[in-house]
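Q: Mind having a look at this structure? Questions to follow.
The values are calculated or read from the model by the stated rules, or taken from the named source; none is laboratory data. These numbers were taken from a predicted model, which means no experiment stands behind them. Ideal geometry is used to build each Cβ from the backbone, glycine not excepted, and the neighbour counts take in all protein chains shown.
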């Protein structure tokens, strides 16, 4: 892999390439966790809405509770 | 390019195209030459970059002269079609520092097929690198005209009494090669817990080592 330091293009050191591989794994794991968190938030919201509707609340009343 | 500044048809200043400006002062009856070095803003670095996985801009900071710096990354794209974010690390002693010392927060807005969206982000708590946008992918080769711009304000990177604060604005004309997200912007900051370190530069890279193309420019603003 190549890197540019100021005006010079050079090969990365072995250590830098290892760091890049480590970064790729770390970033992919964090991305997966972030997406899982967002999906859980969406699903929690849908479940909460359904439970409120089952209790007899209208959409407007649910919206009023949120604001 | 040389140029002339006129007031009501009269030449009042000329530029030689290399930064020097000569002002003709009618009252004094003499010309004053202002050298480019007298400017409060000095261009320290400029390069067109492509075909590399990591970009390091290093060795240009001098806090005894400059109060703060503006680092622009323009026309930033990935050379291949890939879904990756952009990250940075500060350089200490010329090398990227991967100590767990990066704390981020950000918010922004985007256009999603005509709908307005907003996004907050603050998930880097003592990370070993700083992300540079709100989970957006760097525009890539799948969308020929898309690109991103980052305008960073860096204050006193060489001081060792306080944590370093970096603020930047990110705009992008595409999310990866998506046709849905065509206007993206966010403002961001990173606290770098580096109170005992002299920051010498910045290193930029994507999440999967993809090659990048960009124009990088660093300006210093004098005290």
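Q: List the residue pairs whose Cβ atoms are under 6 Å apart, where the first residue sits in region A:1-26 and is more than 7 Å from every other protein chain (Cβ to nearest Cβ), the second is assigned to a loop (DSSP other than H, G, I, E, B), and the two are 6 or more positions apart or on different chains.
A: A:17/A:1
Q: With the checklist (1) free of Cβ contacts under 8 Å to residues at least 24 places away in the same chain; (2) assigned to a loop (DSSP other than H, G, I, E, B); (3) under 24 Å from residue B:97 (Cβ atoms) in hand, flag the one item residue B:144 doesn't pass.
A: In the conditions (1) free of Cβ contacts under 8 Å to residues at least 24 places away in the same chain; (2) assigned to a loop (DSSP other than H, G, I, E, B); (3) under 24 Å from residue B:97 (Cβ atoms), residue B:144 misses (3) alone.
Q: Please enumerate the residues belonging to region B:51-69 that are more than 9 Å from chain A (Cβ to nearest Cβ) and either buried (at least 17 other Cβ atoms within 10 Å of the Cβ) or not in a strand (DSSP E or B) (or both).
A: Filtering region B:51-69 for residues more than 9 Å from chain A (Cβ to nearest Cβ) gives B:61-69.
Matches in region B:51-69: B:61, B:62, B:63, B:64, B:65, B:66, B:69.
Q: Please pick out the residue among A:52, A:57 that is in a helix (DSSP H, G or I), surrounded by 10 or more Cβ atoms within 10 Å (Cβ to Cβ) and more than 8 Å from every other protein chain (Cβ to nearest Cβ). Before you say what the answer is, go through the steps one by one.
A: Working: A:57 fails: in a helix (DSSP H, G or I).
None of the others qualify; the one that does is A:52.
Q: I've got another one for you. For the list (1) at pLDDT 95 or above; (2) part of a helix (DSSP H, G or I); (3) over 26 Å from the mean Cα position of the chain (by Cα), I need the number of the one condition that residue A:10 fails.
A: (2)
Q: Under 15 Å from the mean Cα position of the chain (by Cα) and surrounded by 11 or more Cβ atoms within 10 Å (Cβ to Cβ), is that true of residue A:62?
A: Criteria not met by residue A:62.
Q: Let me ask something else. Taking residue A:36 as meeting all but one of (1) within 10 Å of chain B (Cβ to nearest Cβ); (2) assigned to a helix (DSSP H, G or I), write down the number of the exception.
A: (1)
Q: Might you let me know whether region B:118-127 holds any residue that is in contact (Cβ under 8 Å) with a residue 40 or more places away in the chain and under 14 Å from the mean Cα position of the chain (by Cα)?
A: no
Q: Sticking with this structure for a sec: Could you tell me whether any residue of region B:111-118 is at pLDDT below 95, closer than 28 Å to residue B:156 by Cβ, within 14 Å of another protein chain (Cβ to nearest Cβ) and surrounded by fewer than 19 Cβ atoms within 10 Å (Cβ to Cβ)?
A: no
Q: Residue B:195: out of contact with any strand residue (DSSP E or B) (no Cβ under 7 Å at 6 or more places or on another chain), away from every other protein chain (no Cβ under 14 Å) and under 23 Å from residue B:83 (Cβ atoms), yes or no?
A: In short, no.
Q: Shifting gears a bit: Given the options B:175, B:170, B:187, B:131, name the one that is surrounded by fewer than 21 Cβ atoms within 10 Å (Cβ to Cβ), modelled with pLDDT of 90 or more and either in contact with a strand residue (DSSP E or B) (Cβ under 6 Å, 6 or more places away or on another chain) or within 14 Å of chain A (Cβ to nearest Cβ) (or both).
A: Checking each option against the conditions leaves just B:187.
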